[in-house]
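**Q** Here it is: the structure, laid out below.
The values are calculated or read from the model by the stated rules, or taken from the named source; none is laboratory data. The structure displayed is predicted, hence computed values, not measured ones. Ideal geometry is used to build each Cβ from the backbone, glycine not excepted, and the neighbour counts take in all protein chains shown.
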Amino acid sequence: MATATNPTERLSSYNPATNDLVGTVPIHGQAEVDAAVARARVAAARWGALSFAARAEELTAFRKALAARSDEVAELLHLENGKPDLEALTEVMMALGHIQHATACAEGAMAPRRVSSGLLANFRATISYHPLGVVGVIGPWNYPLFTPMGSIAYALAAGNAVVWKPSELTPLIAVKVAEIAAKAFAVSDLLQVVTGAGATGAALAKSAVDKIAFTGSPGTGRRVMMAAAERLTPVLLELGGKDPMIVADDADLPKAAEACVYGALTNAGQACISVERVYVAESVHDRFVDEVVKQVRTLKVGGDDGDLGAMTSPAQVAIVKDHLEDAVAKGAKVLTGGPAAITGSYIQPTVLTDVDHRMKVMSDETFGPVIPIKRVGSLDEAVRLANDTRYGLGSSVFAGKGARALADKLRAGMTSINSVMSFAGIPSLPFGGIGDSGFGRIHGDEGIREFTRIKSTAEQVMALPVNMMSFRQPKDAPKRLRGMIKQLYGDGVLAKATDWFRKLRQ
Ligand code: NDP
């Protein structure tokens, strides 16, 4: 039975930098979540029936309305999440970019495709893409707008309605976006927000949505998948990462160091595609480390204009502290920052050397402002260590002419060459991971198709004298089939010709 919610119960959202209350939101239970999904289903029927052009017009109105209120939205991101103003505005900008891209690419990504009909030459074979209906989006607190928008924008552009459950640490930003959406879209209940803690997310995972797009930790991802399994609801899981960066001896060292510092420390290291570990060629290791430390020491922690803001969650501060203490106890050298340099929700950026894979800081997701740097004797060793992980989200390579070959050896969903995180800023590139980093893709054409159902149509355009889809076959049919099998797939002339053509095309 659906659990009723106490209407007076509210969830409070606090500013992690000051502990001041930012606002409160209702706590929605299974009954409210189910009701939202039911309303979304009505919206989905109307929205899905519109033309791409009509949907694009409304999505554009939504994007413009969000852009018009970008200062207000960024301020809320700053207050709820703790990130500095510049990072908050950057997040709004990246989210808007995805709304624009999803709007522009939906029609192309969902265009029906003719494919070869093979032996059934009298058929026209077509693949077409259709909206799923209602998509449930469960988002994290680290990029409370950009990350869920990577699913929301593409799900909407593909013709679905969305029910969004934000993290309990950052619910107000989602409520604000839903208010803006409600005014911008003519179809009501197209983008709804349900709020509460983990139980509300669990209720959404159990509800009658047609797909769940989840972003968060691997542990919660598993729970979401188990809950969704009851209804066989498909899931898209964007989970954590332990992204490696490799620096070869012919890399542009100052550029690599600058990118490393940004990639590891932006959003105070609370990014799923943060640089979490660095492998540097022996001959340039010391110079690279010196440059990284020099740059890190210039960064300002705290304040509205700081480079690094407050950590959003006290639980994450405890994880970072634990990783640092574990590393130090196992022999890591602290060059700046360190476990003693943590004050409340602020962590001084930390550079570690002499690290190895026995340490949590090299094997588990730290999700904080930490740069562990490991010296490697060869690029083969760098690749082996980079791939020695249960995760597989992002990665980066800094090298000269061998960069592309090095990148191809990394077992990850995404790789940046001579840059960090750039794959996330290119909206046409699909985003997602393998292993404990999850599966499925957001962004790009794949991100649109992720929120569609695929339909295959075989249309007979002409009847042939021999109809294989009939019980009315001549007596010698088995004999003929035996001949055909040999001819088409064995040593027959037709099989040889097909194989020859395939080789020619390679
Ligand atoms: P969590 O896994 O703790 O939470 C993610 C979301 O799931 C939150 O909205 C949370 O709600 C909700 N939730 C909690 N319990 C349940 C449940 N039983 N059923 C359904 N939903 C539930 O992750 P964090 O918020 O801590 O986010 C950080 C993690 O997200 C990191 O591991 C990071 O790497 C990953 N991440 C991955 C990205 C990617 O694209 N691959 C991008 C950004 C982050 P509540 O907060 O209210 O408990």
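**Q** I want to confirm something. Restricting to region 291-331 and keeping residues that are without any contact (Cβ under 8 Å) to a residue 40 or more places away in the chain and in contact with a strand residue (DSSP E or B) (Cβ under 9 Å, 6 or more places away or on another chain), which single residue is surrounded by the fewest Cβ atoms within 10 Å (Cβ to Cβ)?
**A** Applying the filter and picking the extreme gives K300.
**Q** Between a first residue in region 200-224 that is part of a loop (DSSP other than H, G, I, E, B) and a second residue that is within 7 Å of the ligand (Cβ to nearest atom) and not aliphatic (A, V, I, L, M), which pairs have beta carbons less than 7 Å apart while being 6 or more apart in sequence or on different chains?
**A** Every condition considered, the pairs that remain are G216/P140; S217/G240.
**Q** Go through A111, A88 for me and flag whichever is surrounded by fewer than 23 Cβ atoms within 10 Å (Cβ to Cβ) and out of contact with any Gly (no Cβ under 7 Å at 6 or more places or on another chain).
**A** None of the others qualify; the one that does is A111.
**Q** Please determine, by comparing only the residues of region 143-153 that are in contact with a strand residue (DSSP E or B) (Cβ under 6 Å, 6 or more places away or on another chain) and not polar (S, T, N, Q), which one is nearest to the ligand (Cβ to nearest atom).
**A** By that ranking, first place goes to G150.
**Q** So which residues in region 241-258 are surrounded by fewer than 23 Cβ atoms within 10 Å (Cβ to Cβ) and within 27 Å of P148 (Cβ to Cβ)?
**A** none
**Q** Still on this structure, I have one more. When the residues of region 91-108 are narrowed to those that are among the hydrophobic types (A, V, I, L, M, F, W, C) and touching a Leu at 6+ places or on another chain (Cβ under 8 Å), which ends up surrounded by the most Cβ atoms within 10 Å (Cβ to Cβ)?
**A** Checked region 91-108; the qualifying residue surrounded by the most Cβ atoms within 10 Å (Cβ to Cβ) is A102.
**Q** Within the bounds of region 247-264, is there any residue that is at pLDDT 95 or above, under 29 Å from R358 (Cβ atoms), within 16 Å of the ligand (Cβ to nearest atom) and in contact with a strand residue (DSSP E or B) (Cβ under 9 Å, 6 or more places away or on another chain)?
**A** Yes: one or more hits.
**Q** Among the numbered conditions (1) farther than 25 Å from A251 by Cα; (2) in contact with a strand residue (DSSP E or B) (Cβ under 7 Å, 6 or more places away or on another chain); (3) not hydroxyl-bearing (S, T, Y), tell me where A424 comes up short.
**A** (1)
**Q** Which of the numbered conditions does P314 fail, given that it passes all the others? Conditions: (1) within 16 Å of the ligand (Cβ to nearest atom); (2) closer than 20 Å to K242 by Cα.
**A** Against the list (1) within 16 Å of the ligand (Cβ to nearest atom); (2) closer than 20 Å to K242 by Cα, P314 comes up short only on (2).
**Q** Considering only region 369-381, I want to know if a residue exists there that is within 13 Å of D322 (Cβ to Cβ) and under 24 Å from the mean Cα position of the chain (by Cα).
**A** The answer is yes; a qualifying residue exists.
**Q** Being surrounded by 24 or more Cβ atoms within 10 Å (Cβ to Cβ) and either in a loop (DSSP other than H, G, I, E, B) or more than 15 Å from the ligand (Cβ to nearest atom) (or both) is the filter here, so list the residues in region 160-180 that pass it.
**A** N160, A161, P166, S167, T170
**Q** In addition: Is there any pair linking a residue in region 137-163 that is within 17 Å of A109 (Cβ to Cβ) and hydrophobic (A, V, I, L, M, F, W, C) to one that is part of a loop (DSSP other than H, G, I, E, B) and more than 9 Å from the ligand (Cβ to nearest atom), with Cβ under 6 Å and at least six apart or on different chains, and which?
**A** From residues that are within 17 Å of A109 (Cβ to Cβ) and hydrophobic (A, V, I, L, M, F, W, C), the pairs are A155/F451; A158/F451.
**Q** Please go through region 205-236 and give me each residue that is within 19 Å of P148 (Cα to Cα), within 8 Å of the ligand (Cβ to nearest atom) and out of contact with any strand residue (DSSP E or B) (no Cβ under 8 Å at 6 or more places or on another chain), ordered by number.
**A** S217, G219, R223
**Q** Which of the residues spanning region 439-470 are closer than 23 Å to G118 by Cβ and of a type in the set (D, E)?
**A** Scanning region 439-470 gives a single hit, E459.
**Q** Now for a different question. Somewhere in region 133-142, is a residue away from the ligand (no atom under 16 Å from the Cβ), in a loop (DSSP other than H, G, I, E, B) and over 13 Å from the mean Cα position of the chain (by Cα)?
**A** The answer is yes, given that some residue of region 133-142 is away from the ligand (no atom under 16 Å from the Cβ), in a loop (DSSP other than H, G, I, E, B) and over 13 Å from the mean Cα position of the chain (by Cα).
Conditions (1) away from the ligand (no atom under 16 Å from the Cβ); (2) over 23 Å from D252 (Cα atoms); (3) in contact with a helix residue (DSSP H, G or I) (Cβ under 7 Å, 6 or more places away or on another chain), marked per residue:
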position: G337; (1), (2), (3): yes, yes, no
position: Q348; (1), (2), (3): yes, yes, yes
position: D356; (1), (2), (3): yes, yes, yes
position: M359; (1), (2), (3): yes, yes, yes
position: T366; (1), (2), (3): no, yes, yes
position: R375; (1), (2), (3): yes, no, yes
position: A407; (1), (2), (3): yes, no, no
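**Q** How about region 411-423: which of its residues are closer than 12 Å to I434 by Cβ and surrounded by 21 or more Cβ atoms within 10 Å (Cβ to Cβ)?
**A** A412, G413, M414
**Q** Check region 192-199 and report whether any residue there is surrounded by 23 or more Cβ atoms within 10 Å (Cβ to Cβ) and over 23 Å from L66 (Cβ atoms).
**A** Yes; the residues of region 192-199 include at least one that is surrounded by 23 or more Cβ atoms within 10 Å (Cβ to Cβ) and over 23 Å from L66 (Cβ atoms).
**Q** How many residues are within 20 Å of L237 (Cα to Cα) and within 8 Å of the ligand (Cβ to nearest atom) if we restrict to region 181-202?
**A** Adding up the residues that qualify gives 6.
**Q** Condition first: more than 16 Å from the ligand (Cβ to nearest atom) and in contact with a Lys or Arg (Cβ under 7 Å, 6 or more places away or on another chain). Now tell me which residues in region 386-401 satisfy that.
**A** Within region 386-401, just N387 meets the criteria.
**Q** A further question follows. Within region 425-432, identify whether any single residue is at pLDDT 95 or above, surrounded by 23 or more Cβ atoms within 10 Å (Cβ to Cβ) and closer than 17 Å to G216 by Cα, and answer yes or no.
**A** Yes, because at least one residue in region 425-432 is at pLDDT 95 or above, surrounded by 23 or more Cβ atoms within 10 Å (Cβ to Cβ) and closer than 17 Å to G216 by Cα.
**Q** Across region 229-268, what is the total count of residues that are farther than 30 Å from A203 by Cα and under 26 Å from the mean Cα position of the chain (by Cα)?
**A** Total satisfying the criteria: 17.
**Q** Pairs needed: first member in region 341-367, on the phi > 0 side of the Ramachandran plot; second member anywhere, modelled with pLDDT of 95 or more and basic (K, R); C-beta distance under 6 Å; at least 6 residues apart or different chains.
**A** D354/K333
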